[in-house]
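Below is one structure, written out as structure tokens; the observations come after it.
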Amino acid sequence: MNTTQVRYQWRHMVDLAAALRLSRAQLSRERGPRAELVRHQQQCLEVVVRHAVTHSPFYRRQFAESGALGDGPVQLSRLPVLDKPLLVEHFDELVCDPRLRRDELLDWVGRVTRDQLYLNRYRVMLTSGSSGRPGLYVYDASGWRSIMSGLLRSTTWEGVRPTLPRQRLAFVGAVDASHISRQGAAMASGLHRVLALPVTLPLPRLVEALNEFQPSYLQVYPSAAMWLVDEQHAGRLRVSPRILVTAAELRTPEMTQRLEEAFGVHPFNLYGSTEGLFGSECEHHQGIHLFEDTTLVENVDADGQPVPPGQPGARLLVTNLYNLVQPLLRLEVTDLVTLDPDPCPCGRILARMKTIYGRSDDVLCLSARDGGQVAVHPLHFALLTRDPQVGEFQVIQEGALLRVLVIPRHPSSPAAAGADDGLETRLSHAIAKQLLGLGVQDPQVTVERRRELARTAGGKLKLVIADPAPGLARKLG
């Protein structure tokens, strides 16, 4: 082991110990009075905003021009909103360390093949980016420990505890070392035995690796989980995870039912974003609790006004309370969610997402019979998940036409028994009927069989790809 690797391992253990302490504090806070949580949020907000003003030329100019800061406490609602294009364009002057330059970081990330730190100090993560320009996120020790604590907190809720012999945790997800899910899997090493498998691994090799490892905990993208369901039913996959978790993609109720039938456990749903917003289902599985003590979240409408609990928003505004090297203050995230107005039976005081509709970028805009427009959400295509002949699908909008790409279920799967040659006609009629019920005028649908579907650089499968032409879907965001 060379000096750099030794330094990395030491830093990893120090970060893990700090994250464990932070996680214990969070667990004690989540059932306390709401007023204590609000005080904690305000204290953290003051620190990160004052730090940004002092060390970030971008924020110093933004706040001076907007007059957002006064002599009194920081008011979140007065801070300017930060969108993704602005974050990309002004990255070099937004970060608080002048050594960080976007082009140099992108070059470095492109050469990284394992988990390591930039300048032996910073974690660098990429997202694919909806505009074609990748999102770039840098975390210092404080910010990364916050993310680690959130992952530790979620696994604690799910029932994972350090034991001897160590728990066996398997992660099926991102390919690139710069993806947050890969770095999160690396975080668990030391406490547990960890197996991280790329979602692009050929299915027979994926099954073989899981059979050999026999995980007690399995975290997987929902789309990849459907492959494992068929393999488990066929007898090729033979695992019995005590804890099953899905993350990173939209999971429909039909997917949840199939997972329960195949593995005999109710899956948890984990929400995580590279921007720092994390959340998880609790033991009651009645929505995803947001970790509000590490990240502030505002659910707002298309005009940026707060949306009351119980009503769907158009996007989220996310404020990371711990990352001091790249302050993210009221950053737009295009997730469409509804917050639950009712308390959870678990007694936790954290806000809870009742429904996740997907991202506003994934909402289709189609002409309505009344002359207006109809917003079609990814969940409206859940009928494809229910179909016994459909293994995977992807809906691509090309103007008024919807191309539905389908991978038929494996012939040996019990659900695929009695497959017929009329799949395309049956599915196109069912989708057209669904769209007519939503008020779409003259739905145009084609169904095409595929052997595989395109995934993002992070290995995710986008269920719906909206036409990039301007429309309602973009206005929602």
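Keeping to the range 361-413, report how many residues are among the polar types (S, T, N, Q), part of a loop (DSSP other than H, G, I, E, B) and open to solvent by 10 Å² or more (accessible area, probe 1.4 Å).
Here the count works out to 2.
In this structure, does L423 turn out to be out of contact with any helix residue (DSSP H, G or I) (no Cβ under 8 Å at 6 or more places or on another chain), at pLDDT 90 or above and under 28 Å from A224 (Cβ atoms)?
For L423, the condition - out of contact with any helix residue (DSSP H, G or I) (no Cβ under 8 Å at 6 or more places or on another chain), at pLDDT 90 or above and under 28 Å from A224 (Cβ atoms) - is met.
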| said: On the basis of being hydrophobic (A, V, I, L, M, F, W, C), within 15 Å of N320 (Cβ to Cβ) and under 29 Å from the mean Cα position of the chain (by Cα), does V88 make the cut? | reply: no
| Filtered residues of the range 319-335 (kept if touching a Leu at 6+ places or on another chain (Cβ under 7 Å) and over 19 Å from V124 (Cβ atoms)) | T319, L321, L329, R330, E332, V333, D335
| remark: Within the range 207-238, the residues that are open to solvent by less than 10 Å² (accessible area, probe 1.4 Å), under 17 Å from R166 (Cβ atoms) and not aromatic (F, W, Y) are P215, L218
| query | Residues of the range 15-24 being small (G, A, S) and more than 19 Å from E158 (Cβ to Cβ), which ones? | reply | A17, A18
| said: For a quick check of your reading: which helices (runs of 4 or more DSSP H) sit entirely within the range 41-155 and have at least 2 residues that are of a type in the set (G, A, S)? | reply: 57-66
| request: Go through the range 229-257 residue by residue and tally those that are in contact (Cβ under 8 Å) with a residue 40 or more places away in the chain, more than 29 Å from S149 (Cβ to Cβ) and of a type in the set (K, R). | output: 0
| request: May I ask you to verify whether L27 is part of a helix (DSSP H, G or I) and crowded, with 16+ Cβ neighbours inside 10 Å? | output: no
| message | Being within 26 Å of V245 (Cβ to Cβ), touching a residue at least 24 places away in the same chain (Cβ under 8 Å) and open to solvent by less than 10 Å² (accessible area, probe 1.4 Å) narrows it down to one residue among R123, R153, R166; which is it? | response | R153
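The values are calculated or read from the model by the stated rules, or taken from the named source; none is laboratory data. On a predicted model such as this, the values are computed, not experimentally measured, just so you know. Note that we place each Cβ from the backbone using ideal geometry, even for glycine, and neighbour counts take in every protein chain shown. Heads up: the accessible areas ignore ligands, DNA and RNA and are worked out on the full protein's heavy atoms, side chains in. Shrake-Rupley method; radii C 1.70, N 1.55, O 1.52, S 1.80 Å.
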